[in-house]
Structures are given as structure tokens and as C-alpha cells.
Amino acid sequence: MVKKWIERSYSGLIFVFLYAPILVLIIFSFNESRTRGNWGGFTLHWYADLFRDRQILSAFYYTLSIGVISAVVSTIVGTFAAVGIYNMRYLGQKTILNLNYLPVLNPDIVTGVALMTLFIFFNFRLGFLTLLLAHITFCIPYVILAVLPKLRQLDKNLAEAAMDLGAKPFYAFRKVVLPEITPGIITGALIAFTLSIDDFVISFFTTGSGVTNISITVFSMARRGVNPMINALSTIMFTTVLLLLLWINYRTNKEKEEDEDEKELQMYNVLGTAGDTLSDDDRV
Amino acid sequence: MKSRMAYPYIVWLSMFIVLPLLLILYYGLTAVDGSFTLDNFQRFIDPIYLRVLWRSVELALLSTAICLVLGYPMAMIIAKTEIKRRNLMVLLFILPMWMNFLLRTYAWMTLLGRNGVINNILGWAGLPELNLLYNASAVVLGMVYNFLPFMVLPIYTVLSKMDQSYIEAAKDLGANNRKVFWKVIFPLSLPGVISGVTMVFMPAVSTFVIPRLLGGGQLMLIGNLVEQQFSYVGDWNFGSAISIVMMLFILISMALMTRFDKEQQGGVGLW
Amino acid sequence: MGEYMIDLKGVSKAFRKDQWVLDDIHLSILEKEFVTLLGPSGCGKTTTLRIIGGFEAATRGDVLFEGKSIRDLPPYERQINTVFQKYALFPHMNVFENIAFGLNIKRVPKEGIQKKVKDMLSLIDLKGFEKRRVHSLSGGQQQRVAIARALVNEPKVLLLDEPLGALDLQLRKEMQVELKKIQEQVGITFLYVTHDQEEALTMSDRVVVMNEGRIEQIGRPEDIYNEPKTPFVANFIGESNLFEGEMKQDNLVYFQGKRFQCVDKAFADTEKVFVVVRPEDVELTGKTNGIIEGEVLRTTFKGIHYEMMIKSLEDEKEWKVHSTERRTPGEVVGITVRPDLIHIMKRG
């Protein structure tokens with residue numbers, strides 16, 4: 001009983017630690033006073049201002065558009081690459097996979113300065129395009145790492161069976177292989193999107209010409225004091241994600257009420273996605 | 001034949017992953033005039049810079065240790081909870097990640113600052129104001145806060161997959177709960193601990209945002225040094241050299257960790 | 001009642017409210033006895049074992065060990081050791097470390113451990129395997145290490161949870177002999193769980209047949225086989241023909257539309273009963289010499305004997321018959337059963 005109580009309070013404290021800053025952010029998005037730490041009364045005007053602020057809206061726009069485009073491109077390139085790598089001979093496979101790990105294992109700052117060096121060396125103007133290229137570059141490896149295990153689980157005979165039944169290779173791929181690896185592709189796309197919208201370090205080095213995302217905006221504001229509008233924006237984004245996750249959780253729970261094992265498995269998939277993301281998300 | 005599908009990526013990989021690193025290598029090994037030199041690396045052996053490197057490693061190790069001490073019991077608690085609540089708890093660990101990383105760190109400034117929430121509370125209670133922000137402790141706090149989930153989740157995964165019969169067998173052979181933990185559970189969870197340690201240590205040692213925000217720029221870590229060379233000083237050659245050192249340091253420690261892991265497990269990878 | 005090694009008194013277990021997986025189990029096990037819990041999966045045999053081992057708590061009832069209740073003792077304070085289903089050998093330790101685990105916990109001096117482990121290794125015929133990783137061992141070797149790891153602690157009772165389940169047939173047969181030999185050598189109580197009736201019959205002093213959380217019958221292997229007390233036991237142990245019938249009077253039973261001589265008394269007249277006849281106990285005679293006439297439907301060669309399905313011309317019921325004598329399908333034969341080979345049990 002005592003043990004249970006200790007465990008409860010311990011996890012309670014850890015969660016307080018995890019959520020205190022988030023709570024503070026949310027509370028201060030309703031704060032009349034502009035200076036942080038002082039409560040000046042409740043207001044919604046930061047939320048109203050938010051939709052009129054050019055700088056923040058553009059940061060939001062760039063964050064989202066870079067996120068969507070890099071997720072789509074890296075998912076396509078990465079999926080094809082994974083299939084290609086899977087069919088390579090041992091040596092080639094090993095080489096490509098090791099190179100593929102470089103952006104995953106390298107500190108983000110190294111990837112960032114290396115890409116910046118490249119763009120400047122070849123006289124690329126830093127801006128939207130370089131930012132996008134950088135994001136696609138660090139997203140593809142994760143897509144490949146999400147799709148490859150699904151290919152490895154695939155029954156080798158599956159595509160062969162389809163071709164045996166008269167399917168041409170591409171048809172067999174589209175109708176038989178692709179549906180089987182779709183969960184991996186979705187996972188990869190989700191990871192790519194998450195990594196992209198949350199990235200700061202690589203974006204910091206590879207952008208220019210006034211193109212900034214939310215992270216960069218926050219960073220540049222941090223010393224002077226972050227505009228509470230940013231708090232408002234994050235609160236909106238956080239709430240959206242929270243609702244989305246709760247909805248997914250609710251649906252998985254409801255669908256599989258009768259089948260405990262299956263449910264567990266599905267949960268692991270969802271969590272696995274997040275777990276993978278975690279392994280490199282936020283690395284600064 | 002299907003291996004051709006990887007060709008576009010191979011081109012991409014060479015252009016945007018291999019080539020930039022080669023460029024960094026080139027800059028690191030040349031002087032401003034383009035002639036070959038090892039000066040950039042020699043410059044780094046200066047005590048000032050070595051101290052920066054040492055401080056980064058020190059703070060990262062400290063944060064990793066704190067994460068391990070805080071995170072292991074947490075992982076155990078989650079692994080023990082029944083399945084429905086367990087998933088919720090894991091979700092609660094992942095959720096903060098969806099709030100922008102910089103904002104979360106910035107929020108600590110609001111909490112810790114001179115006029116921050118904590119000092120306000122202390123003020124009400126009639127206690128003296130504390131200097132919480134802009135020091136090494138604040139940086140360590142920021143690292144622990146941001147990277148704690150990276151420690152908890154892999155350990156949790158290993159623990160939740162652990163075969164209960166090992167624990168039962170140990171008890172059967174006379175081990176009490178403490179001995180079961182130290183002789184069976186902990187050794188078997190080492191793969192999770194190792195990935196947790198790597199996943200916390202690597203980003204912690206190379207971060208430049210956390211020291212910048214919470215250390216207030218007083219505290220220079222190796223990440224800040226690199227950033228400074230590229231953003232302000234414009235000394236790409238020296239910056240590249242430091243990047244190479246950092247990269248090698250991390251890749252080598254990674255390799256050592258995985259090797260240790262494999263030896264521990266007798267070649268059976270669990271993670 | 002101190003003479004029993006282990007004594008289960010009315011043990012019941014429910015994992016969820018009112019879902020009883022064990023229902024009022026009474027079982028007394030003697031010193032040095034080899035007892036087998038036998039039953040289909042889900043019958044509660046493993047749960048019974050786990051309650052004795054201390055891994056589950058009984059919802060009701062008590063567990064006595066040498067006359068004293070061990071209900072509330074944790075597993076590590078019981079003088080009982082277990083061989084787990086999949087062995088549960090610690091993967092991060094080698095063979096020596098695995099076997100020495102319990103001794104280390106008890107802080108046995110180094111030399112003592114060395115000697116004991118060595119003795120154990122020679123008992124299980126794995127001398128020189130000390131440094132081997134457990135994953136590099138074959139299934140049979142892992143099995144034996146698991147036994148050694150338990151026995152080295154000199155328990156008074158060894159619990160074995162389907163320890164041979166993962167082995168192939170040949171190895172299983174060898175290990176059955178081996179296990180019995182080890183048990184005789186160390187001279188302690190073995191409580192063995194299996195769903196394999198042959199295994200249970202070959203090794204045990206006594207067999208406990210379980211079904212749906214209850215004990216169906218406890219007895220020596222011969223008794224269980226020859227005198228099944230319930231239809232379940234008759235069906236589960238060996239093959240049998242099961243008929244519904246009625247006692248006419250002492251030593252006379254009516255089934256399949258005929259009267260058969262038997263050796264059972266003490267039933268009420270016209271009491272409803274089950275009649276069990278083992279296929280090998282059925283005698284085939286000439287067409288008219290039997291009690292029942294039947295037509296051979298199928299004949300299958302089974303190695304030592306033929307298995308024949310014979311349809312009774314009386315009521316179309318099928319008899320399974322084992323005989324070394326082959327009868328061709330279509331042939332009409334007579335069926336008789338010796339009175340002492342007819343087993344009668346109560347119905348309803």
C-alpha cells in the first residue's frame with residue numbers, strides 16, 4: 001500500500017516536472033501583462049492579435065508548408081529508396097545504410113553547418129529552397145528506417161506469387177507489396193512531418209532572406225522576451241495535437257475492445273511511431 | 001532490378017549528405033588561402049577550447065546520470081501498470097514533445113527568472129529570492145527536462161518486454177526483491193539503458209540552444225563554439241575542425257556503446 | 001498430519017471475480033513421490049503448480065509444506081524450486097553462473113559453489129560446459145541446466161512445468177528416462193505438470209488428472225488407465241469407447257441394446273451408467289459368436305495393430321477396435337468383451 005503510494009507520488013512529481021513549463025506557457029498566453037512572470041489579468045487579445053501579426057503568421061506558414069512538402073517528398077523518395085536498398089546486394093546495402101545513418105547519428109549542428117557550407121560554397125541563396133532541401137535531407141533517412149523493417153517482414157514469396165499469377169513486376173509491387181508496407185510508410189511520413197515542424201538547429205543554419213519558422217522566431221525573440229502571441233499560437237497547436245491523439249487513442253480503444261492482444265499491438269504501433277520520433281526529435 | 005529504385009536517393013545522398021561532410025573535412029584541413037594545414041586542429045588543443053569540450057562532456061554526463069536516476073524508476077512504474085493506464089502514461093511522456101522545443105525551454109526562463117514564477121512564490125512566502133537562471137544548474141535542468149523521455153521510453157520498452165519467468169526463476173532460487181532487481185532485472189534491461197544513455201548524451205553534448213537560453217550565454221559549450229564560428233566569427237575552417245572533432249567523438253562513443261551492449265548480451269541484440 | 005510433504009487444502013483460485021480456474025483442490029503429496037498433474041490446457045494444472053511455487057496466491061484454501069502453512073511465504077523463502085516451461089535460464093549469465101545463482105544468493109563459500117556446480121554438471125552429463133552461453137546450448141542441454149540450477153539448491157520439492165514440451169519426440173523420450181533416474185538419485189519429491197498422458201503414465205508414482213479446475217481422479221498410472229472413474233478420464237487417458245447404459249442388476253449391464261456380464265456391483269438396479277471399453281479390450285469373433293454383430297467400416301494399419309471402426313448392426317453406433325488380426329471393410333464380425341474389461345461409472 002505504502003509502495004503504491006510512493007509510486008503514485010513519484011510519477012505525479014515527474015509529470016508535474018514535465019508539464020509545469022507547458023502549463024506556464026498556456027497560462028501566460030492569457031496574460032494581460034507582457035512581461036513574463038507577472039500576471040496582469042486575463043485576456044484573449046494575444047489570440048486576436050495573432051491573426052493580424054505578419055511575422056508570426058509567416059513563420060507559421062513557412063513551418064507548415066516546409067513540414068508538408070518535406071514530409072511528402074521525403075516519404076516518396078524514402079519509400080522508393082527503401083525498396084531499392086532492400087533489393088540491393090549485401091555490400092551496396094551496407095554502404096548505403098551506413099551513409100543513411102550519418103544524419104541520424106550526427107549532431108544536428110554538424111548536419112546544419114555542413115549543409116550551410118554546401119549551399120554557400122555553391123552560391124545558393126539561403127532561403128525557402130535551401131531550407132526545404134535541408135529538411136528533406138534529414139527526413140529521408142527516418143522514412144527509410146521506418147519502411148525497411150516492414151519490407152524485411154514481408155514474405156519473400158509474395159511478389160513472386162503475384163508474378164506467378166501473371167502480374168508484371170510493377171503491378172505486383174503496387175498491388176501486393178505496397179499495401180503490406182503502408183503502415184511503415186505512414187509512420188515514416190508522420191516522423192518526417194514532426195521532425196520538420198519542430199526542427200530548429202538545421203533550419204537556423206540553412207535559412208535566410210527573411211524566411212523563418214516558428215522555432216527560429218522564438219529563438220530570436222528569446223532574449224528580449226517572447227511575444228505572448230507565440231504562446232497563444234503554441235497553445236493552439238498543442239491543443240490540436242492533443243485532441244488528435246486523444247481521438248486516435250479513443251478510436252483504437254473502441255475498435256478493438258474485444259481483442260486485447262490486437263489492441264496492445266496497435267497501441268505499440270502508434271507508440272512505436274512516437275518512440276521512433278523521439279529517438280531524434282528535438283535534438284539540438 | 002528493383003534496386004534501381006534507390007538511385008534517386010543515392011544521388012541525393014551524395015549531394016546533400018556526403019558532399020557537405022567532405023566540404024567540412026576540406027575546410028577543416030585547409031587554411032583561409034586554401035592550402036593544406038593541421039593548424040585548425042592544433043588550435044583546438046588550446047586549454048581554453050579543451051575546457052569548453054570538457055565542460056560540455058561534464059554537463060552532458062551529469063544530465064545523463066540524472067536522467068537515468070530519475071527515469072529508471074519511472075520506466076519501472078510504467079512497465080508495471082496495467083495496460084490501459086500504461087499506454088496513457090507513455091502518451092503523457094510523448095505529448096510534451098509536440099510543444100515546440102524552444103518554447104518549452106523558454107518556459108523555464110519564465111519559471112526560473114528573477115521575476116519568474118518560482119521567485120514570485122518564494123517572495124509571497126517571505127523567502128529570499130534565488131538566482132536560478134543563467135548558470136550551469138539551469139542548463140543541466142534544461143537538458144534533463146528535454147531529454148528525460150529519451151531515457152524513460154527505451155528502458156520502459158525493454159522492461160515491458162522482459163520475460164516474467166526470469167524474475168520468477170530468480171525468486172524461486174531464493175532472491176528477494178532487491179536481489180532480483182540487481183542480479184536479473186537491471187542486467188537484462190541494459191540494452192534499454194544503453195540506448196537511453198546514448199539518446200540523452202548525444203543531443204546533450206552538442207546542444208547550443210539550451211546553454212544559450214538558460215545559461216544566458218555565460219556558459220560556452222562546444223555547440224556554442226561551433227555556432228559562433230559559423231554565425232559570428234565567420235571562421236569556417238576552425239568551425240569545421242571543431243565539428244569534425246565533435247562528430248568523431250560522438251560516432252566513436254556510439255560505436256563503443258553498441259559494442260559494450262553486444263558483449264553484455266552475448267551477441268543477442270534485444271534493442 | 002505432518003507426514004505429507006505438500007498438502008493442498010481446498011485451494012481455489014479466481015483471477016477475475018467469480019471466474020474460478022481452480023475449484024476446491026485437495027491434494028496430498030508424500031516425500032520422495034513423483035506426482036504428475038495431467039490435463040488439457042486450461043485445466044488449472046499450471047496454476048496449481050504456481051500456487052505451490054509461490055508465484056500465485058490461492059484465493060481460498062491453504063497450502064501446507066511439511067505440515068506448516070506456506071500460504072503467505074514469498075517464493076524465495078520456500079524450500080521448493082521450479083523448472084520453468086521455457087527454462088527461463090538467465091541470458092546474461094553462462095552455464096556456471098546460472099547454476100550457481102541460488103548458491104550465491106545464499107552466500108555459500110566460493111569453494112562450496114565450485115564443488116556443488118561441478119557435481120551437478122556431472123549429474124546432468126554436461127561436464128566442461130561451465131563457460132558456455134546458455135543460448136549456445138541445444139534445447140535438451142538448456143533443459144538439463146535448468147534442472148541442475150533448481151536441484152543444486154537441494155530443495156525438498158522440485159516443481160516441473162511441462163519441461164519437455166519444447167523438445168522433439170526422440171529427445172523427450174530420452175529425457176523422460178533421465179528425469180526419472182535423476183529423481184531416484186536425488187530422492188526428493190517431484191511434482192510434474194504435463195498434458196501428455198504417455199509422459200504422465202511412464203514417469204509417475206501417482207497421476208492427478210485435472211479438468212476445468214477440478215481433480216477428476218488421483219491414482220497410480222495403472223489404476224488411472226485401467227479403472228477410470230469418470231468419462232473424462234476414460235477419454236483423456238488412452239482411447240476408449242464410451243456408451244450410455246443402465247445397470248440391470250449386480251454384474252449385469254445393459255448397453256447397445258444388449259446385456260453384458262461385468263464385475264461391478266453396488267449400483268442400484270436400473271441405475272444409469274457410462275460404460276467404457278478400451279479398443280484393445282474388444283474381442284472380435286465370428287459373425288454369430290459375439291454379443292453384438294457389426295460391420296467393419298474402415299481398417300487402418302497402426303504399426304503394432306490394426307485400428308478398425310466397426311458399426312454395430314444393432315443401433316448403428318461405432319466401436320473403435322484395436323487388434324493384431326486384420327478384418328477387411330465390409331466384413332460382418334461379432335463383438336464380445338470380457339466381463340472384467342468392462343468399466344462402469346456413474347452417470348448424472
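Checking the structure you have, find out if any residue of the range C:87-94 is buried (at least 19 other Cβ atoms within 10 Å of the Cβ), of a type in the set (Gly, Ala, Ser) and either within 20 Å of C:Leu164 (Cα to Cα) or more than 14 Å from chain B (Cβ to nearest Cβ) (or both). Looking through the range C:87-94, at least one residue is buried (at least 19 other Cβ atoms within 10 Å of the Cβ), of a type in the set (Gly, Ala, Ser) and either within 20 Å of C:Leu164 (Cα to Cα) or more than 14 Å from chain B (Cβ to nearest Cβ) (or both).
With respect to the conditions (1) within 14 Å of chain B (Cβ to nearest Cβ); (2) over 19 Å from C:Thr36 (Cα atoms); (3) in a loop (DSSP other than H, G, I, E, B); (4) of a type outside the set (A, V, I, L, M, F, W, C), C:Lys127 falls short on a single one, namely (1).
Give the residue, chosen from C:Leu37, C:Leu8, that is crowded, with 18+ Cβ neighbours inside 10 Å, in contact (Cβ under 8 Å) with a residue 24 or more places away in the chain and within 16 Å of C:Glu56 (Cα to Cα). Outline the logic, then answer.
Numbers: C:Leu37 fails: within 16 Å of C:Glu56 (Cα to Cα).
Exactly one residue qualifies, and that residue is C:Leu8.
One residue stands out in the range B:151-208 among those that are within 11 Å of chain A (Cβ to nearest Cβ) and not in a helix (DSSP H, G or I): the one that is surrounded by the most Cβ atoms within 10 Å (Cβ to Cβ), namely B:Thr207.
Within the range C:309-348, the set of residues being part of a strand (DSSP E or B), touching a Ser or Thr at 6+ places or on another chain (Cβ under 9 Å) and at pLDDT 90 or above comprises C:Met309, C:Trp319, C:Lys320, C:Val333, C:Gly334, C:Ile335, C:Thr336.
Among the conditions (1) farther than 25 Å from C:Gln176 by Cβ; (2) of a type outside the set (D, E, K, R); (3) out of contact with any Cys (no Cβ under 9 Å at 6 or more places or on another chain); (4) free of Cβ contacts under 8 Å to residues at least 60 places away in the same chain, the only one that C:Leu252 does not satisfy is (3).
If you go through the range C:258-271 and pick out every residue that is at pLDDT 85 or above and farther than 14 Å from C:Val337 by Cα, you end up with 1. The set of residues from the range C:265-281 being under 22 Å from C:Ile292 (Cβ atoms) and of a type in the set (A, V, I, L, M) comprises C:Val273, C:Val275, C:Val276, C:Val277. One residue stands out in the range A:71-94 among those that are of a type in the set (Val, Ile, Thr) and facing chain B (nearest Cβ under 7 Å): the one that is farthest from A:Thr187 (Cα to Cα), namely A:Ile85. Put simply, of C:Thr328, C:Thr300 the only residue that is touching a residue at least 24 places away in the same chain (Cβ under 8 Å), more than 19 Å from C:Tyr225 (Cα to Cα) and of a type outside the set (A, V, I, L, M) is C:Thr328.
Of all residues in the range A:183-212, those satisfying the criterion of being over 8 Å from the mean Cα position of the chain (by Cα), at pLDDT 85 or above and under 11 Å from A:Tyr62 (Cβ atoms) are A:Ser203, A:Thr207, A:Val211, A:Thr212.
For B:Leu92, are the conditions met, namely being outside any loop (DSSP other than H, G, I, E, B), facing chain A (nearest Cβ under 9 Å) and crowded, with 19+ Cβ neighbours inside 10 Å?
It is false that B:Leu92 is outside any loop (DSSP other than H, G, I, E, B), facing chain A (nearest Cβ under 9 Å) and crowded, with 19+ Cβ neighbours inside 10 Å.
Within the range A:1-41, being more than 27 Å from the chain's Cα centre (by Cα), under 30 Å from B:Val152 (Cα atoms) and of a type in the set (Ser, Thr, Tyr) holds for A:Ser9, A:Tyr10. Is it the case that the range C:30-39 has a residue that's touching a His at 6+ places or on another chain (Cβ under 8 Å) and small (Gly, Ala, Ser)? The answer is yes; a qualifying residue exists. Does C:Asp62 qualify as being of a type in the set (Asp, Glu), surrounded by fewer than 15 Cβ atoms within 10 Å (Cβ to Cβ), touching a residue at least 24 places away in the same chain (Cβ under 8 Å) and under 30 Å from C:Val208 (Cβ atoms)? Here the answer is yes, as C:Asp62 does meet what is asked. A:Leu25 - would you say it is at the interface with chain B (Cβ under 7 Å from one of its Cβ atoms) and within 29 Å of B:Thr207 (Cα to Cα)? Yes; evaluated as a whole, the condition is true for this residue.
When you scan the range B:1-88 for helices (runs of 4 or more DSSP H) that lie fully inside it, which ones turn up with 2 or more residues that are within 11 Å of chain A (Cβ to nearest Cβ) and buried (at least 17 other Cβ atoms within 10 Å of the Cβ)?
Working: elements: B:7-13, B:19-28, B:39-44, B:47-80.
Ranges flagged: B:7-13, B:19-28, B:47-80.
Close contacts from the range C:189-214, counting a first residue that is in a loop (DSSP other than H, G, I, E, B) and a second that is of a type in the set (A, V, I, L, M), with Cβ to Cβ under 6 Å and a gap of 6+ residues or different chains, come to C:Gly213/C:Val21; C:Gly213/C:Leu22.
Could you list, in sequence order, all residues of the range A:42-96 that are over 21 Å from the mean Cα position of the chain (by Cα) and among the aliphatic types (A, V, I, L, M)? Please lay out each step first, then the result.
Just the residues of the range A:42-96 that are over 21 Å from the mean Cα position of the chain (by Cα), to begin with: A:42-55, A:83-96.
Result: A:Leu44, A:Ala48, A:Leu50, A:Val83, A:Ile85, A:Met88, A:Leu91, A:Ile96.
Scan A:Ala162, A:Ala167 and give me the residue that is outside any helix (DSSP H, G or I) and either among the aliphatic types (A, V, I, L, M) or touching a Lys or Arg at 6+ places or on another chain (Cβ under 9 Å) (or both). Break it down stepwise before answering.
Details: A:Ala162 fails: outside any helix (DSSP H, G or I).
On inspection, the qualifying residue turns out to be A:Ala167.
Take the conditions (1) within 22 Å of A:Ile181 (Cβ to Cβ); (2) in a helix (DSSP H, G or I); A:Thr111 misses just one of them, which is (1).
Run down A:Leu97, A:Leu102 and say which single residue is assigned to a helix (DSSP H, G or I), more than 7 Å from chain B (Cβ to nearest Cβ), within 24 Å of B:Ile250 (Cβ to Cβ) and at pLDDT below 90. Explain how you work it out, then say what you get.
Details: A:Leu102 fails: more than 7 Å from chain B (Cβ to nearest Cβ).
Matching residue, one of A:Leu97, A:Leu102: A:Leu97.
Let's see how each residue does on (1) within 7 Å of chain A (Cβ to nearest Cβ); (2) under 30 Å from B:Pro191 (Cβ atoms); (3) in a helix (DSSP H, G or I):
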site: B:Leu103; (1), (2), (3): yes, no, yes
site: B:Tyr106; (1), (2), (3): yes, no, yes
site: B:Gly123; (1), (2), (3): no, no, yes
site: B:Leu127; (1), (2), (3): no, no, no
site: B:Ala138; (1), (2), (3): no, no, yes
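The values are calculated or read from the model by the stated rules, or taken from the named source; none is laboratory data. Since the model is a prediction, treat every value here as computed from it, not as a measurement. Counting neighbours? That spans all protein chains shown, and the Cβs are built from the backbone with ideal geometry, glycine included.
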